Every structure is written in structure tokens, then in C-alpha cells.
Amino acid sequence: MENNIGCYLFLIDQSGSMSGQSIKIASEGLRLFLQSLPDKSFYQIIGFGSYYKAYDETPKPYTQENILKSLGIIDNLRADLGATDIYSPLKYVFESCKLHDTINLPRNIFLLTDGEIEDKKRTLDLIYQNSSKYSIYSIGIGNYFDEDLIKNAGTLGKGGYNFCKNR
């Protein structure tokens, strides 16, 4: 797993539409991601809805102490941040690029959302413009996400995509 050391940025949708099963699925997925990160990696959790909320100002090292604190954050995630705006948290991440450069590891963004957004073209353009610096893995959660958005975000972001539909 040494060769997968990186900086992992988790953007998790906390908009109102994520209430119920979707936020539970996203939280469980995030928990699994965090517990599976390679040693010597860095990570950061950013929730988003109408606005974004960085749970830490910068990516932090993957240590047992940090993971335990982050698992507590995950346990308390709620779908209470309003509507779905993916552009703003992505822009925040990309503008933090100089800080991420100091970590000097491959940068991976995991986008977990159930949303449909109004500014899809602008958001996908932003992803494409930053695809040489970040790999984006997009995961559609629930039954009503925009499959085109999820596919294009993962494809343009040179990462991948997947769908996690409610049963």
C-alpha cells in the first residue's frame, strides 16, 4: 500500500436532500475510506451544501489520533447545509493548491453527492482545468443523482466514478 500514499480530500454532500439513508451511506463510505488510507498519507474532510465547511483548515497526517477525531466528526454529520453547491468547495480546494504542494504527494478528491446542480458546466469546467493537479473520484449516492455529472466529474478529473443507489 506504500505506493498509494497521497493527499486525500473528501468532499461530502451535506445538503438537505442527503437526509435519511443517503447521509448514512455517505458517512459509512467516508468511515471506510479513512480507515483504509495508507500510512504517511494526509487527508481532509469538507462538507458542503449551500456553503462548504472544512472540518480542518488543512489536510492533516494520517495518524491514529487524527483518525479517531475524524471518526467522531463523521458520527455527527447531518444533512443540514441547505442546497447543493459543488462548485464552491471544489474552488476552495483548488485555491488551496499552494498549500497542497507543500505536502508533495499525489492529490485525490473523493466527491460524494446525491445532488443535481444548476451550474454543471461551470463545475465540470473547473474540474477539467485542475485535472493535471488533482484526480477526482465521484460517487453518486441515492436514487436521484445526476448520472451525467458523476460520470463526467470522474472522467474529466482523470479518476473514476461509481454509483451507490439506495435499495
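Some notes on this structure:
- Of residues in region 104-116 being touching a strand residue (DSSP E or B) at 6+ places or on another chain (Cβ under 8 Å) and under 20 Å from residue 4 (Cβ atoms), the one surrounded by the most Cβ atoms within 10 Å (Cβ to Cβ): 111
Here is a yes/no grid of residues against (1) on the phi > 0 side of the Ramachandran plot; (2) assigned to a helix (DSSP H, G or I); (3) surrounded by fewer than 17 Cβ atoms within 10 Å (Cβ to Cβ); (4) not aromatic (Phe, Trp, Tyr):
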position	(1), (2), (3), (4)
70	no, yes, no, yes
73	no, yes, yes, yes
77	no, no, no, yes
82	yes, no, yes, yes
89	no, yes, no, yes
102	no, yes, yes, yes
118	no, no, yes, yes
137	no, no, no, no
153	no, yes, no, yes
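- Where residue 58 falls short, out of the listed (1) under 17 Å from residue 109 (Cβ atoms); (2) over 16 Å from the mean Cα position of the chain (by Cα); (3) in contact (Cβ under 8 Å) with a residue 40 or more places away in the chain; (4) loosely packed, with under 14 Cβ neighbours inside 10 Å: (2)
- If you filter region 155-167 down to residues that are of a type outside the set (A, V, I, L, M, F, W, C) and touching a helix residue (DSSP H, G or I) at 6+ places or on another chain (Cβ under 7 Å), you find that the one that is most open to solvent (accessible area, probe 1.4 Å) is 161.
- Failed item, numbered, when residue 13 is tested on (1) within 20 Å of residue 150 (Cβ to Cβ); (2) open to solvent by 10 Å² or more (accessible area, probe 1.4 Å); (3) touching a Gly at 6+ places or on another chain (Cβ under 7 Å): (2)
- Consider region 139-151 and keep the residues that are open to solvent by less than 60 Å² (accessible area, probe 1.4 Å) and outside any loop (DSSP other than H, G, I, E, B). The one that is nearest to residue 103 (Cα to Cα) is 139.
- The set of residues in region 23-40 that are open to solvent by 70 Å² or more (accessible area, probe 1.4 Å) and without any contact (Cβ under 8 Å) to a residue 24 or more places away in the chain comprises 24, 28, 32.
- Where a residue in region 99-119 is more than 17 Å from residue 23 (Cβ to Cβ) and its partner, wherever it lies, is basic (Lys, Arg), with Cβ under 6 Å and at least six apart: 100/107
The values are calculated or read from the model by the stated rules, or taken from the named source; none is laboratory data. The shown structure was predicted, so the numbers you read here are calculated from the model rather than taken from an experiment. A quick note on method: Cβ atoms are made from the backbone with ideal geometry, for glycine too, and the neighbour counts reach across all protein chains shown. With ligands, DNA and RNA removed, areas are computed over all heavy atoms of the protein, side chains included. Shrake-Rupley method; radii C 1.70, N 1.55, O 1.52, S 1.80 Å.
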